[in-house]
Every structure is written in C-alpha cells, then in structure tokens.
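The values are calculated or read from the model by the stated rules, or taken from the named source; none is laboratory data. Note that the coordinates shown come from a computational prediction; the quantities given were computed from them, not determined experimentally. Ideal geometry is used to build each Cβ from the backbone, glycine not excepted, and the neighbour counts take in all protein chains shown. Quick note on the areas: whole protein, heavy atoms, side chains included, nothing else; ligands and nucleic acids left out. Shrake-Rupley method; radii C 1.70, N 1.55, O 1.52, S 1.80 Å.
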Amino acid sequence: MPDDDPAGEEDVTLRLGRHAIQMLQAARDAGEPTLIAQAEAMAMAVGFVLASRIQDGMPETD
C-alpha cells in the first residue's frame, strides 16, 4: 500500500476492526470457550493497533 494513500489506509483500518468484531461474534455464537478467549485476545490486539494509529483529536502527553 502506498504511503501517500490515506483513503486506502482508512479502508484497511475499518476492515480490520470489522473483521475482529465478526470473529469475536462468531466465536461467541459457537459457544466454545477456547475460541472465545482467542477471539477476545485477537480483538484486544487489533484494538491496541488501531488505537496506536490515532493521531488527531488526542491530547498530547509530556
């Protein structure tokens, strides 16, 4: 993905977040505790990555 394509990056970010949510929902629907735990861990990791990409609207800390 080219660095000068912020629209493409936004699309990837949205798809990544949606995928994490769908995986978690599918695991919960399956009712398998191991799958749920793994999907929750993956969703938290994705959330951390997405949060680290936030640049605008966040207060600066010094």
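Could you count how many residues in the stretch 43-62 are open to solvent by 60 Å² or more (accessible area, probe 1.4 Å) and at pLDDT 90 or above?
Qualifying residue count, the stretch 43-62: 1.
Can you name the number of the only condition in (1) at pLDDT 85 or above; (2) surrounded by 10 or more Cβ atoms within 10 Å (Cβ to Cβ); (3) polar (S, T, N, Q) that THR13 fails?
The single condition THR13 does not satisfy is (1).
Restricting the first residue to the stretch 14-35 and requiring it to be in contact (Cβ under 8 Å) with a residue 12 or more places away in the chain, which pairs with a second residue that is among the β-branched types (Val, Ile, Thr) meet a Cβ separation below 7 Å and a spacing of at least six or different chains?
LEU16/VAL46; GLY17/VAL46; ALA20/VAL46; ALA27/ILE36
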